[in-house]
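Peer 1: There's a structure below that I have some questions on.
Nothing in this text is a laboratory measurement; each read-out follows from the coordinates by a stated rule. Keep in mind that this is a model prediction, so the values were computed, not measured. Counting neighbours? That spans all protein chains shown, and the Cβs are built from the backbone with ideal geometry, glycine included.
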Amino acid sequence: MTTQPLGDGSATRRRPGRQLARALSFGLVLATAVMTAGPAASAASPAPGIPDLGPNVTVFDPSMPVSDIQATLDAAHAAQVDNEMGTTRHAYLFKPGTYGTAEHPLQIKVGYYTEIAGLGASPTDVVINGKVEVYNRCLADGGTANCLALVNFWRTLSNLSINVNAAGQDGCRSSANFWAVSQAVSLRRLNIGGGNLSLMDYCTAGPQYASGGFIADSKLPSVTNGSQQQWLTRNSEVAGWSNGVWNQVFSGVVGAPDDAGFPSPPYTTLDATPVSREKPYLYADAQGRYKVRVPAARKDTRGISWADGMTPGRTLPISHFFVAKPSDSVQVINNQLARGKHLLLTPGVYDIARSIEVKRPNTVVLGLGHATLTAVHGSTPLDVADVPGVVVAGVTVDAGLEKSPVLLRVGKKHGPRWSSADNPTTLSDVYFRVGGPHVGKTDIALEVNSDNVLIDHAWVWRADHGVEGFTDTQRWNTNIGRNGAVINGDHVTATGLFVEHFQQYNTVWNGDDGTTILYQNELPYDPPTQADWMNGAVEGWAGYKVGDRVKTHRLYGGGVYVFNQNNPQIHTENGFEVPATPGVRLHHIMTVNLSAGIIDHVVNGVGDAADTTKIGVPVYIADYPAP
């Protein structure tokens, strides 16, 4: 464990590190029976416009007693709060209306693989009087030992309003709506008022570190960032923002803090987001019919998309979707896609032995409740053709026991490309795992060959802990992942790209005119020896590599972290490696040592070493090349 300062510099706390979690037992939690409300509860054929979303979707109606809703959600949290590596997936959806009262607020706690979302056309159509929260997870002794937020992954909150009401909570927890999370967690289309939002839990044996995160298209009160190591807030409004540890990035945010003092505080602020598209969302119209709103791509925007009415875009009736269940075969899914259907993946784990093939332009693939595609027999679970306007959102892709060439491919590596700058193929809240719940093997996790692609929040993770029961040396030779993200297409934009622990370059960007807004990387924890971590004659592989032939590239707010716990003597020559050309520019980048291993330089031999003489103290470079 290492001692590191919190973002305001006023105190020091122990950073337990996610690596400690791997030593714990992650047994599956027994499923808790919960009530299914609304249309999903019916065993009969659903009415036109009201889909059968399966047993893992619960729909609430405002006429239901608050106590019944509370009991259902409490049981769900109890089942999922420790189920980090489990297979249960669930979505809890709220029809338009108000839930909870001043005297009896609805206080929701969100566990693993849980989606909480409103079914309104606007976030103001569903109002929660109460709180929707995530707290530090206590990992030892059943008490408050080893409480942290560093492994609070895989949960979603979107499309509703929260009127913060802490009635009945203790003094500390009544002070804010707490959202203490790390990677693979998104906040989207929220309207929060009546109290503050804290991105760290300073009440549960806190404050403790967290490693998030992502907010988009939201109107927020004053936000306490606190101990969050990195965060991206995009196209939102904030009443205020305090604290920050390492990279805190704001893009197109009304009320964002100024970044003139970088790195103290460590803010990076872009007045507008160059390319954006909000995530599709399911909603019910005035007649109760389900539809999916697919927002349009936009350029050079700031603020929320719903300020003047419905988010610009197109509406698709649910009848235009094939609503898939985990029991549906890939052949059935592909036949439906070939007929021109869009794809709605209901919550669950789908075993994918051949690729789901998305061939038609403007196809929407929308997952609910962290729907998960697992590679079987070395398959590529999701293959998107070189066509414009495809949207893949809310999907997790897992490597399987046999090595896949790639887990999600966008476009072919060679051949003609058909794309549109005004209608980019978009990946929103798309997550990848190599190891963790089971052994995983892939050459590449995400490969983008098409031009004009938007990656809007992705976590690409080769597991540093899990249930496999391996030592670190065994994990290095068993959970195989060469590269996390390989970008070969031109004009690709990433807003919120998190890539961790891969065995060579974590990210390789070969396409020209690329842009990344917030990049976070941890190098692998588990190389056994320096010989296992060599790029030819070079010690180690950079966490972010821009190809030698690239002429134009921009990165805003990037960090590469090192924790070589398997062999603390291992060196990595550079955190970032880019061609030395005027068109390739990195703005506000850093490396940091988490207590083991050494990064010799920040970028291309420039910058001091992130070594054990400065544990937890970032080495910053404001601009490369220097102006």
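Peer 1: Sort 150-160, 608-618, 82-92 for me by packing, meaning the mean count of neighbouring Cβ atoms within 10 Å per residue, highest on top.
Peer 2: Going from most to least packed, we get 150-160, 82-92, 608-618.
Peer 1: Right, here's the next one. At 37 °C and 0.692 mPa s, what whole-number value in µm²/s does Stokes-Einstein give for the translational diffusion of region 526-627, with Rh from the Kirkwood sum over Cα pairs?
Peer 2: My calculation gives 240 µm²/s for D.
Peer 1: What nm distance separates the two modelled labels at D52 and T98, each placed 7 Å from Cα along Cα→Cβ?
Peer 2: Each label point is offset 7 Å from its Cα along the Cβ direction, giving 3.7 nm.
Peer 1: Related question: Hey, if you put +1 on the Cβ of every Lys and Arg and -1 on every Asp and Glu Cβ in region 15-276, which of T87, P257, A102 ends up farthest toward the positive end of that dipole?
Peer 2: T87
Peer 1: Something else about it: Evaluate E = 1/(1 + (r/R0)^6) for W418 and A140, where r is the Cβ-Cβ distance and R0 equals 60 Å; express this FRET efficiency to the nearest 0.05.
Peer 2: After rounding, the FRET efficiency stands at 0.65.
Peer 1: Please report T516, T269, T591 as a ranked list, fewest other C-beta atoms within 10 angstrom at the top and most at the bottom.
Peer 2: In order of increasing Cβ crowding within 10 Å: T269, T516, T591.
Peer 1: While we're looking at this one, here's another question. Charges on Cβ only, +1 for Lys and Arg, -1 for Asp and Glu, centred on the Cα centroid of region 526-627; of N535, N567, M590, which one is farthest towards the dipole's positive end?
Peer 2: M590
Peer 1: If I take the Cα coordinates of region 436-575 and project them onto the principal axes, what are the three extents in Å, biggest first?
Peer 2: 41, 33, 23
Peer 1: Right, next: Region 496-559: which trypsin sites (Lys or Arg not before Pro) are DSSP loop and have at most 10 other beta-carbon atoms within 10 angstrom?
Peer 2: Sites meeting the loop and neighbour criteria: R549.
Peer 1: With θ taken as phi - 60° and the coefficients 6.51, -1.76 and 1.60, list the Karplus ³J(HN,Hα) couplings across region 374-390 in order, rounded to whole Hz; mark glycine and proline as x.
Peer 2: Per-residue couplings from phi come out as 10, 5, 10, 6, x, 6, 9, x, 9, 10, 9, 6, 6, 9, x, x, 5 Hz.
Peer 1: Hey, what did region 526-627 get for relative contact order, percent, Cα under 8 Å, at least 6 apart?
Peer 2: Reported as a whole number, the value is 26 percent.
Peer 1: Now for a separate question. Which GluC sites (Glu not before Pro) in region 366-472 sit in a loop by DSSP (not H, G, I, E or B) and have at most 16 other Cβ atoms within 10 Å of their own Cβ?
Peer 2: Of the GluC sites (Glu not before Pro), the ones in loops of region 366-472 whose Cβ has at most 16 other Cβ atoms within 10 Å are E402.
Peer 1: Sticking with this one: Could you work out how far the C-alpha centroid of region 445-470 sits from that of region 303-340, in angstrom?
Peer 2: 23 Å
Peer 1: I would also like to ask the following. Calculate the spin-label point distance for T529 paired with A167, positioning each point 7 Å from the Cα along the beta-carbon direction, and give it in nanometres.
Peer 2: Between A167 and T529, the simple spin-label model gives 6.7 nm.
Peer 1: Ok, one more. If only Cα atoms are counted, what is the Rg of region 15-276, and what is its Dmax, in Å?
Peer 2: 18.4, 61
Peer 1: Here's something else I'd like to know. What per residue convex hull volume, in Å³, do the alpha-carbon atoms of region 306-381 yield?
Peer 2: Given the Cα convex hull of region 306-381, per-residue volume reads 106 Å³.
Peer 1: Quick one: which residues, 5+ away or cross-chain, put their amide H under 5 Å from the amide H of S355? H built at 1.01 Å from N.
Peer 2: Sorted by chain and number, the residues that satisfy this are T380.
Peer 1: For K131, give me every one of the lysines with a C-alpha distance below 24 angstrom, ignoring sequence neighbours fewer than eight places off in its own chain.
Peer 2: Reachable lysines: K95, K109, K219, K279.
Peer 1: Given Cβ point charges of +1 (Lys, Arg) and -1 (Asp, Glu) and nothing else, what value in debye, to the nearest 20, does the dipole of region 526-627 about its Cα centre take?
Peer 2: My answer is approximately 460 debye.
Peer 1: In whole Å, what three semi-axes, largest first, describe the equivalent ellipsoid of region 372-499 built from its Cα gyration tensor (square root of 5 times each eigenvalue)?
Peer 2: 27, 14, 12
Peer 1: In bins 10 Å wide, starting from 0, what share of all Cα pairs of the chain does each bin hold, as a percent?
Peer 2: That works out to 3, 18, 30, 29, 16, 4, 0, in percent per bin.
Peer 1: Turning to a different aspect of this structure: Please give the charge dipole size of region 466-531, origin at the Cα centre, charges +1 on K and R Cβ atoms and -1 on D and E Cβ atoms. Round to the nearest 20 debye.
Peer 2: Rounded to the nearest 20 debye, it is 140 debye.
Peer 1: Show which aspartates and glutamates lie in cross-link reach of K441 when reach means a straight Cα distance below 17 angstrom and same-chain residues fewer than eight apart are skipped.
Peer 2: Straight-distance partners of K441: D351, D398, E402, D464, E468, D472, E500, D526.
Peer 1: Further, regarding this structure: What is the dipole size for the chain, taken about its Cα centre, with +1 at each Lys and Arg Cβ and -1 at each Asp and Glu Cβ, in debye to the nearest 20?
Peer 2: Dipole size: approximately 1100 debye.
Peer 1: Label-point separation (nm) for M310 and Q287, each offset 7 Å from Cα along Cα-to-Cβ?
Peer 2: 1.4 nm
Peer 1: Separate question: Could you tell me the relative contact order of region 494-553? Use alpha-carbon pairs under 8 Å, at least six residues apart, and round to a whole percent.
Peer 2: Normalised by residue count, the contact order of region 494-553 is 44 percent.
Peer 1: Note down the relative contact order for the chain as a percent, whole number, built from C-alpha pairs under 8 angstrom at least six residues apart.
Peer 2: Result for the chain is 8 percent.
Peer 1: Can you check how the C-alpha radius of gyration of region 285-429 compares to 2.2 N^0.38 Å, as a plain ratio?
Peer 2: Dividing the Cα radius of gyration by 2.2 N^0.38 Å gives 1.09.
Peer 1: Something else about it: Positive end of the charge dipole of the chain (Lys, Arg +1 and Asp, Glu -1 on Cβ, about the Cα centre): tell me which of V185, G195, Y519 has its Cα farthest that way.
Peer 2: Value computed over the given set: V185.
Peer 1: Within region 320-368, which trypsin sites (Lys or Arg not before Pro) sit in a loop by DSSP and count at most 10 neighbouring Cβ atoms inside 10 Å?
Peer 2: R339
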